[in-house]
1. With all protein chains present, how much of the accessible area of region 348-412 (probe radius 1.4 Å) comes from carbon and sulfur, to the nearest whole percent?
2. Return the Rg/Rh value of region 165-250, two decimal places, where both radii are evaluated on C-alpha atoms and Rh is the Kirkwood radius.
3. For region 240-288, with all protein chains present and a 1.4 Å probe, just round the carbon and sulfur fraction of the accessible area to a whole percent.
4. Residue-wise, which Karplus ³J(HN,Hα) couplings in Hz belong to region 351-359, taking 6.51 cos²θ - 1.76 cosθ + 1.60, θ = phi - 60°, and x for glycine or proline?
5. Once you have the Cα-Cα distance between ALA405 and VAL530, take 0.36 nm times their residue separation minus that, and quote the gain in nm to one decimal.
6. Place the peptides 489-498, 227-236 in order of packing, highest mean first, counting for every residue the other Cβ atoms within 10 Å and averaging per peptide.
7. What FRET efficiency comes out for the pair ARG502/LEU376, r = Cβ-Cβ distance, R0 = 51 Å, nearest 0.05?
8. Considering every pair of different Cα atoms, what Kirkwood radius, in Å, is found for region 319-409?
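The values are calculated or read from the model by the stated rules, or taken from the named source; none is laboratory data. These numbers come from a predicted model, not from an experiment. Cβ coordinates were reconstructed from backbone atoms using ideal geometry, including for glycine residues, and neighbour counts include every protein chain displayed. Please note that ligands, DNA and RNA were not included when accessible areas were found on the heavy atoms of the full protein model with its side chains. Shrake-Rupley method; radii C 1.70, N 1.55, O 1.52, S 1.80 Å.
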Amino acid sequence: MISETKSRRLDLRIVAAVLASSFLPLVPALLHGTPFVFLDTQQYFLIGQRIIQTLFGGGGADTALQAVAGGQAGAAPTPEGGGLAAIAGGRSPIYAVFIYVVSTVAGMWVAAWLQTLICSTIIFRFCAMIWARNLRASLTCIGLLTLFSSLGFHATFMMPDVFAGCMALTLAIFLFSPSVGRIEATLLLLASLAFATMHASNILLVASALVAVAIIRLVERAPIRPMLLRLGAVVGVAAVAAIFSSAYVVAVRAATGDEVRSLPYLTARVIGDGTGERYLANNCKGPGQPFVACIYAGKDFESQDEFLSSKTAGGYISAEPATKVELSNQDVRFALAVTAYDPAGQFAASFSNFAQTLVRMGIYEVSYGLKIFAELPDWRQSEVIPFVPGGPACIADSRTCEPAAWTHAWQWEVAVVGIGSLIVFVVLAVWLALASRKNGTAVTPAMAPAVRAAFFLALLVVANAAICGVFSGVHDRYQARVGWTLLLALAALLPTLRALLRAQGGDVLNAALSVLPVQPADKRFFLASVGAFGADLLLALALREGLQLSVTLSATISFVVVWISAYFVHEYWTFRHAESRVSADRLARNLAANGAALACRVAVVFVLEVMHAPDSAVLAGLYIITGAGCSFCLNYLLNRFWVFSRR
């Protein structure tokens, strides 16, 4: 009886802690003065209004129908496009109903709090895999996520973005936590299903989860059979979510006569990549045009967004309703035709989009806030504005809703922490892998679930970059919606990393080097090489951005300066001995090794530039990193086993 009472008290403490933690992610929105909103919030609101009015009746349905059909507030009716057709296919009906009902009945602050409550509950449960029922650690974790990651923005952003990260956590708990019972497993699957319906890309993330588990089991060299039941349940989640999307289309057609479609995202993607424009230029000649997109032959669109939403560019938004319908109907076929026409070009463009998306985790939408509604004439009368705290005052005078100065600093902080967490995770993952390979005991059975969950989250972050970058566009917000889970992945590695440090007496450097199966001189070589690699990369980027040199020339100059200088470091420190001196023979071999590595680097960077010219500092940096990484590996092997072998 005493133990049961203690258990109840502990459960009540957990409930109280979860409720308390749910207010932490609200802090940025409270400081901002209102939950974070975007233009798409209006679209979700209108779709929710239309659904509720269709189901239960009510006035204003025609206004909502017209607004949704036009994709903006106050749009004229577009019969050929069909009510919900313009945008509803890309908007979750579940979230649309949620934001409409809660905002109109209880207020948008309640809607924001419900989102933070969902996030906090799932994060608390994930933290239990790491620290059991350490409430203080879990509360601290949520507080840090609020301040230093995109969670503080997305949790109170009136969009369904945050639920992609929540879905990744629920799947990680379901797949890897050994303490999941039947009731909790059912709740986790239902939550994952609800999150999967929040966006079409979330269904692809569920499918990616299956691949992630297969990779983890392969690396562990463990059979996948024990996980087949749970994997089958995840397959069921993906299948039911896909069926729900199809049923929604059928239900809308039956109830309203409207044909739900999505915007032609794939058409916009390949046109923005340039491959679609080349296809149109070479295949839209004479009568009998293969696609309605041929009307854009000869036009140059800078990006996917310009094609979709820029009124001055003459793209999709300016087209006739019937043309919009055909563009949506031909979306997949056109993208496949472009890919078949120029597979190398499309692969290069898609890889570039993936790489850029992977490292971009920003929240620049905080700079927009309500002011974006006030500054765009078509959106000043948006139906959602009266329900946004401070909305009417902002429309009356946009000076009342100027973004606070701290939001700009927060944007940079989140972006830096996002890319930093990715880099740190990769470094720690390599360290952990080497340690496990060396002694086989780095990860104990008690630590294994959290470690598996950490790698699972990291793989889903990579998958999200591929899904959003390849099929949609390169936007900071797309990757930031799941990027905050990387900090939880790092937290999941902490117990194992702490055990490794304790094994080395708390000496971080010795612990880091102990996993390398080499002699002390080889460890110094590795450290010197890593230092040279960093100096090489910084110098190349400085030459590229400061002197505006090409990527290839910048990489070549930095290589010559840094890596030849590194020879003297290796001679007098790395492999020092009583007779250390400049050796013409070793210098010649070092120059030969450097030359081979240089040729490797230049070739890799040149091929990447030919495949797709870098149009941003981020992409140029990725090209340099790729080339430098290849030359680094080759240079290490040649110097380690040839130049300084001293045999």
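1. Working: 1790 of 2910 Å².
Carbon-and-sulfur percentage of accessible area, whole number: 61.
2. On the way: Rg = 13.0 Å, Rh = 13.2 Å.
Here the Rg-to-Rh quotient is 0.98.
3. Numbers: 1380 of 2230 Å².
Carbon and sulfur: 62 percent of the exposed surface of region 240-288.
4. My calculation for region 351-359 gives 5, 4, 4, 4, 5, 5, 5, 4, 9 Hz in order.
5. Working: separation 125, 0.36 × 125 = 45.00 nm, distance 3.82 nm.
Gain on extension, ALA405 to VAL530, equals 41.2 nm.
6. Numbers: 489-498: 20.4, 227-236: 14.4.
Top of the packing list down: 489-498, 227-236.
7. Working: r = 57 Å, r/R0 = 1.13.
After rounding, the FRET efficiency stands at 0.35.
8. Values: mean 1/r = 0.0581 Å⁻¹.
Radius from the Kirkwood sum: 17.2 Å.
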